[in-house]
């Protein structure tokens, strides 16, 4: 049951679990502001981390002149980064998401809300973008646990319309570096390849979460039927024989495998989530698949 | 094979309908789905957008067409005819009449009937009984109700086709008695349906099935042979009939006393007949005509006749004057009639027949006698009185055959109701019997009225009646007459005879008992040919001959399509009455099997 303070109906037990998870998340990334955890890349704090060879464009103030004297080479001093991270949530708001029991859109938004809350509890920032055939809505990066409600309301108010266009993600400016999580059903002819590549080029660690309804994972249709695509209206006439259902299952497996391969190609994480799966299970699983949670 | 429900073949429209459905796309209910991306990939080869699609021969289509075909096959109820069904008690009647020897089906109708019965016996189950009845001129139970196949097969194997006719009515009576009160009795008749006439009211209390045996009615036969050996005439006539539809050619050969004396070639159109005459040589005795050429029935291809003048019989008419009787007796060429006045009557043992008109001698002769108008008190005769319209006591009495009494009037007759004459009434009126006939102690006929008080002598039936009566009183007179196979021949010893022997055509001699001069029936006349009768007596040996011919009504061999029994529980027809082994259960099972395979193919990919 939703309420004004919990528009995504996440519930107290889940929120407490998310708070605990926030402490266990590893692989911090460098950010612009000092965050609540170590970055896994050298930063500008006072704790020495390493040297590296100078390349044109580096800040001269970080050149270790003593090392230059000993080695006759320009070396840059690197420090451990105590900086914040921004989690960029891209939530598919196309019409195909507004389908299923439970509805995929609702599951995706609750999932996004849960990740946002966990991130905000870790003193990191969160941005949210709803997309379909364009950016439907964008919540600029927020931080602090108090911003969680804002993020939840934003997610809850996102409409469902249009077709999925992953290129619309590319149009969104994301704070770099950071974590970008695309939550979608990925059921479209268009590949997310270019969008992921662009995010990666902006220093984003990418996580793909495919949300499918139970009816999509294990269809139960029977007999002669014509299926109409919610997004593009295309019809498919079929007789739901076991052979056809088996064919669907094979197509689904191939589809999931192609997404997994895409994720591997971009060093991204991938997780297939059922819209009926409880978030208490789904969130840790997703984080582990992405290598964020030990 | 036959189809019990041929109109169900209309269901065959389902076959083109199935093909049509394969041309037409199914109109499917529409349902929204998040994305059809994966479904399109799953059914890539299974969809088309046009309402019509190219017919693709698939295993499913073939199986569905096969199922429809089998279903139609089951609906029309194909069945194989089987030779009669069996019930708890099956009475099997096998026709052994002459026409069953016809070879229009190989080897013969009789053998085909026997084969069918043999097949039927093979299907007798435990607890079932079979009675076997042979239907010849005198039907008999060949094997009484039994479930033991041994005696039944033996009895069946012992059956032989006869040259006589089939007495269906007697056979049905036997079947009725053999069936008793059992409710599970069934009567099967294996016959060509050519039988003696059956009264319209004939019925059976059991289901009756007629199994027609025989195919064709094509037959060429000698249906009549008439000899006129009298001096000055000496001619033989033969009638050859083509009882079929096809034109036939035949050669007629005449034989006299075993020697071939003439031959004629004949061409006879279908349903036509030819009469052929032949001049008899002097002294001819045994004459036969033979048709050469194969046809369906051989028995009627030969006819026999006796040309010898019969033994002359002496008849003494004792009367004051009765020209009617005298003339009627003199019509028979073998009778020599002597008229004697009552006062001149004196018994003569050489006389073969006495006719007493208006008197009864004090000592009645032990000779066949005919008494007319007996005096009051004789044979217990009462007073003369007026009588009503005369009629035959038994309409089917052979003595009254061709004698019409409807226009006959009798003014007065002695009251014979209390007569001591004995015997049975031949003609009667409402007032009692008018004519009595007896066999014991001496064959005799008693007319209670004076012929002059009646218009009977003026009717055409009178000489016929006199001929019948004289033949009955003098049955040994076989003369030129020919008999049908199995027709009983009455033999009586001539005056002073001590024994009668009949030698059949096959040479076998049979002694006939003629106790006390009473006539004896000789019924071993199944074989066509000449039968020699020999009587030994004090006066020596008297020989006579009679012939038996198979031709005649038995030559019409076209099998009957049905036999009607008026009140039988089940009418007989070769198709409706026959049992069938229906094939639809097998076809229905095949439909189920095909549908199962179709279901499996459908659900595991085509």
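Every number here is computed from the coordinates shown, using simple stated rules; none is lab data. Predicted model, so just to flag it, every value in this text is computed and none were measured. Positions of Cβ are backbone-derived with ideal geometry, glycine not excepted, and every protein chain shown enters the neighbour counts.
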- Item | Unit Cα scatterers, Debye sum, chain B: log10 I(q)/I(0) for q = 0.07 Å⁻¹ | -0.63
- Item | Cα-based helix-to-principal-axis angle, B:149-158 vs chain B, degrees rounded to 10 | 50
- Tell me the Kirkwood hydrodynamic radius of the stretch B:123-244 in angstroms, computed as one over the mean inverse distance between distinct C-alpha pairs. 17.4
- Nearest 10 degrees, 0 to 90: what angle lies between the long axis of helix B:59-75 and the longest principal axis of chain B (Cα atoms)? 20
- Could you work out how far the C-alpha centroid of the stretch B:276-345 sits from that of the stretch B:181-206, in angstrom? 40
- Item | Average other protein chain Cβ within 10 Å of Cβ, residues A:218-225 | 3
- Item | Whole-Å distance, taken between Cα centres, linking the stretch A:112-141 and the stretch A:167-192 | 12
- Which whole number gives the average, over all residues in A:247-257, of C-beta atoms from other chains lying within 10 Å of the residue C-beta? 3
- Query: What ranking do A:65-76, A:111-122 get when scored by the average of other Cβ atoms within 10 Å per residue, highest first?
  - Reply: A:111-122, A:65-76
- Note on the structure: Computed on Cα atoms, Rg of the stretch A:167-294 relative to 2.2 N^0.38 Å comes out at 1.20
- By how many degrees, 0 to 90 and rounded to 10, does the Cα axis of helix B:109-122 deviate from the longest principal axis of chain B? 60
- Dividing the Cα radius of gyration by the Kirkwood radius, what Rg/Rh value follows for the stretch B:61-140? 1.23
- Query: Does the stretch B:352-440 come out rounded, prolate or oblate, given a ≥ b ≥ c as the square roots of the eigenvalues of its C-alpha gyration tensor, rounded meaning a/c under 1.5 and, failing that, prolate meaning a/b above b/c?
  - Reply: oblate
- Along the principal axes of its C-alpha atoms, what lengths does the stretch B:171-295 span, in descending order and rounded to whole Å? 66, 33, 25
- Task: Evaluate the Kirkwood expression for the hydrodynamic radius of the stretch B:110-186, namely the inverse of the mean inverse distance over all pairs of different C-alpha atoms, and round to one decimal in Å.
- Result: 13.1
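Can you give me the Kirkwood hydrodynamic radius for the protein assembly as shown, using every pair of distinct Cα atoms, in Å to one decimal? It would help to have the intermediate numbers written out before the result.
On the way: mean 1/r = 0.0252 Å⁻¹.
Answer for the protein assembly as shown: a Kirkwood hydrodynamic radius of 39.7 Å.
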- Task: Could you state, as a whole-number percent, how many of the C-alpha pairs of the stretch B:338-382 are farther apart than 15 Å?
- Result: 41
- Message: What are the equivalent ellipsoid semi-axes of the stretch B:235-375, built from the alpha-carbon gyration tensor (square roots of five times its eigenvalues), in whole angstrom, biggest first?
- Response: 48, 16, 12
- Task: Whole Å is fine, so just give me how far the alpha carbon centre of the stretch A:224-276 lies from that of the stretch B:246-264.
- Result: 101
- Message: If you take each beta carbon of peptide B:335-345 and count the beta carbons of other chains within 10 angstrom, what is the mean?
- Response: 0
- Message: Based on Cα coordinates alone, diagonalise the gyration tensor for the stretch A:76-235, multiply each eigenvalue by 5, take square roots, and list the semi-axes in whole Å, largest first.
- Response: 31, 17, 13
- Over the Cα atoms of the stretch A:154-226 the radius of gyration and the largest Cα-Cα distance (Dmax), both in Å, equal 15.5, 51
- Stokes-Einstein, Kirkwood over Cα pairs, the stretch B:176-236, 25 °C, 0.890 mPa s; D in µm²/s equals 151
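With a 10 Å radius around each residue's Cβ, average the other Cβ atoms per peptide and rank B:65-74, A:178-187, A:246-255, highest first. Before the final figure, lay out the partial values.
Details: B:65-74: 20.1, A:178-187: 25.7, A:246-255: 16.2.
Listed from highest to lowest mean packing, they are A:178-187, B:65-74, A:246-255.
Using the per-residue mean of other Cβ atoms lying within 10 Å as a proxy for protection, in what order, highest first, do the peptides B:212-222, B:462-472 fall?
B:212-222, B:462-472
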